[in-house]
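In what follows, a single structure is set out as structure tokens and then discussed.
The values are calculated or read from the model by the stated rules, or taken from the named source; none is laboratory data. This structure is a prediction, so every number in the text was calculated from the model and none was measured. Here the Cβ positions follow ideal geometry from the backbone for every residue, glycine too, while neighbour counts run over all protein chains shown.
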Amino acid sequence: MSLTAERKDSFFSKQEKIQWIGYSEQTEEELGGLSIENDSFQVHPVFIPEQVNEDYYEGFCNNLIWPLCHYFPYLARFEDHYFEAYKTANKLFFDKVDQVIQPGDTIWVQDYQLMLLPEMIRQKYPDNKIGFFFHIPFPSYELFRMLPVIWRKAIVDGILGADVVGFHTNDYVENFLKAARLVSGYGNKLHYVHMGNRIVKIDSFPISIDYEKFNGSYDDPEVAEVRDQSRASLMEKIIFSVDRLDYSKGIRHRLHGFTKFLQDYPQWHGKVSFVMVVVPSRDTIEQYQFMKMEIDQTVGRINAAYGDIYWQPIIYQYRSMSYPELVGMYTASDVALITPLRDGMNLVCKEFVASRKDSQGVLILSEMAGAAQELGEALIINPFDINGIAQAIQEAFEMPAQEQTKRMDAMRERIRDYDVFAWTNDFFTQMMMLEQEYERLKQV
Ligand code: GDG
């Protein structure tokens with residue numbers, strides 16, 4: 001995490017150097033003892049043997065937990081060796097924590113790859129403060145219960161090794177509390193779970209972005225150049241989307257929605273460019289390769305059916321963009337079209353809004369993204385409703401500038417007031433205040 005100088009009030013900037021523990025793609029030999037360290041943090045690599053990592057990361061994490069939590073249960077694969085590898089990998093992370101940890105250290109564990117780690121740390125270090133943050137949706141109990149009993153109990157108990165457990169939205173909090181009650185019998189009072197001699201707070205912390213960085217980039221010359229060039233070379237109206245290649249992001253539904261728009265509103269033929277950037281991700285998994293092929297074919301079909309020698313409706317790129325290109329496109333676009341079928345939060349929509357220093361542009365956002373709960377001024381759509389997507393594009397294109405400003409400013413203010421630094425501070429403050437807060441609530 002990088003911190004800007006302006007945010008001296010940030011929790012981390014008042015602390016000792018951060019010890020960052022993370023998986024290393026390079027082996028110990030390849031890394032050759034190289035250590036990454038600067039004034040603010042020091043990195044400690046965790047080496048996971050290739051076979052373990054395949055079953056752990058591609059297996060348990062991406063072939064099971066990811067599809068289950070994103071409501072794609074038919075893609076979930078339940079293999080015993082996945083869970084064994086998951087335990088082994090979490091233990092390797094624990095071993096590294098064990099080498100680095102100091103009395104009084106606060107440990108912040110991130111995401112679904114490490115759900116067993118908080119409890120492992122708790123058992124050996126009962127007095128250290130531990131936080132856990134879950135970046136993807138925590139699913140309804142009916143999906144969670146598809147996991148074998150031993151696995152789901154290990155996950156709930158593993159997470160509850162923390163003092164504070166954070167999710168993006170209240171819905172995910174409620175889902176987790178229900179799982180904790182039904183899987184392990186833990187009741188809660190006002191989102192505090194009682195674990196014998198300690199309490200765990202379960203709460204929502206909607207993750208955010210570095211608002212000032214995106215807002216400030218508007219005037220960056222490289223960003224302005226991309227903006228100017230895109231506006232000059234693309235059509236009158238520009239729609240933009242960018243996501244990792246993933247079935248949860250609703251890329252195919254978006255394409256169907258755009259096709260319906262072209263069918264229903266022919267007045268825009270020759271006047272709209274849909275710039276769709278898909279960033280390669282997990283492309284060793286068969287499901288992702290198949291999806292990529294389908295996207296390629298659909299884009300080809302749409303361009304062939306509607307385009308002509310002067311106009312190509314979809315400009316499609318399957319590779320990542322540089323930061324100036326990304327913000328250049330955020331600020332050149334009339335519409336950001338964000339249609340996930342499920343998304344823990346979705347940062348792209350927040351970045352789009354923060355980048356719009358000109359207070360123009362329309363955000364079309366899926367109700368299935370955690371961010372929709374904060375960004376009610378967007379045009380909220382159901383990504384499965386193809387007609388709804390088409391109508392929202394039409395509404396966005398016709399929205400008066402004044403109305404765009406009103407909606408955009410309301411969203412910008414909200415993101416500015418709760419940026420990623422506020423998010424971090426919020427989480428750490430709750431960890432530090434846990435016991436006092438609990439005592440106070442008991443009096444109420
Ligand atoms: C997970 C959850 C949750 C993407 N392409 C390029 C690029 N990006 C950057 C975006 C944004 C990030 O990657 C993507 O964040 P998202 O939130 O949209 O999605 P996930 O990767 O699925 O993240 C999600 C998040 O965790 C945080 O908790 O919001 O729900 O799934 O920052 O800007 N950046 C550049 N070029 C690209 O081509 N420079």
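Return yes when Tyr141 is of a type in the set (Ser, Thr, Tyr) and closer than 28 Å to His81 by Cα and no when it is not. Yes, satisfied.
Number of residues in the stretch 379-393 that are more than 26 Å from the chain's Cα centre (by Cα) and surrounded by fewer than 18 Cβ atoms within 10 Å (Cβ to Cβ): the value is 1.
Could you tell me which of the residues Asp358, Asp308 is in contact (Cβ under 8 Å) with a residue 60 or more places away in the chain and closer than 24 Å to Ser233 by Cα? None of the other options fit; the residue is Asp358. Of all residues in the stretch 33-87, those being closer than 14 Å to Tyr23 by Cα, of a type in the set (Val, Ile, Thr) and assigned to a helix (DSSP H, G or I) number 1. Mind listing whichever residues of the stretch 233-280 are among the hydroxyl-bearing types (Ser, Thr, Tyr), more than 16 Å from the ligand (Cβ to nearest atom) and closer than 18 Å to Glu325 by Cβ? Once the filter is applied, which keeps residues that are among the hydroxyl-bearing types (Ser, Thr, Tyr), more than 16 Å from the ligand (Cβ to nearest atom) and closer than 18 Å to Glu325 by Cβ, the stretch 233-280 yields Ser233, Ser273. Among the residues making up the stretch 298-339, those that are near the ligand (Cβ under 8 Å from one of its atoms) and not hydrophobic (A, V, I, L, M, F, W, C) are Arg319, Ser320, Ser322, Tyr323, Glu325. Counting only residues that are of a type in the set (Ser, Thr, Tyr) and over 17 Å from Tyr23 (Cα atoms), which one in the stretch 97-126 is surrounded by the fewest Cβ atoms within 10 Å (Cβ to Cβ)? Looking at the filtered set, the residue picked out is Thr106.
Checking Leu147 against (1) among the aliphatic types (A, V, I, L, M); (2) farther than 13 Å from Val200 by Cβ; (3) free of Cβ contacts under 8 Å to residues at least 60 places away in the same chain, only one condition comes out false. Which one? For Leu147, the exception is condition (3). Only one of the numbered conditions (1) within 16 Å of the ligand (Cβ to nearest atom); (2) at negative phi is not met by Gln289, and that is (1). Assessment of the stretch 259-267 against the conditions (without any contact (Cβ under 8 Å) to a residue 40 or more places away in the chain, touching a strand residue (DSSP E or B) at 6+ places or on another chain (Cβ under 7 Å) and of a type in the set (S, T, N, Q)) yields no matching residue. When you look at Gln263, is it among the polar types (S, T, N, Q), assigned to a helix (DSSP H, G or I) and modelled with pLDDT under 95, yes or no? No. In the stretch 342-375, the qualifying residues are those that are more than 12 Å from the ligand (Cβ to nearest atom) and hydrophobic (A, V, I, L, M, F, W, C), and the one that is surrounded by the most Cβ atoms within 10 Å (Cβ to Cβ) is Val353. For the stretch 217-227, name all the residues that are touching a residue at least 24 places away in the same chain (Cβ under 8 Å) and either part of a helix (DSSP H, G or I) or more than 16 Å from the ligand (Cβ to nearest atom) (or both). Across the stretch 217-227, the qualifying residues are Ser217, Asp219, Glu222, Val223, Ala224, Glu225, Val226, Arg227. Scanning the stretch 394-413 for residues that are surrounded by 17 or more Cβ atoms within 10 Å (Cβ to Cβ) and within 24 Å of the chain's Cα centre (by Cα) turns up Arg407, Met408, Met411, Arg412.
Of all residues in the stretch 167-187, those that are within 22 Å of Asp426 (Cβ to Cβ) have Cβ atoms under 8 Å from Cβ atoms of residues that are among the acidic types (Asp, Glu) and not in a helix (DSSP H, G or I), 6 or more apart or on another chain, in Phe167/Asp203; Val173/Asp203.
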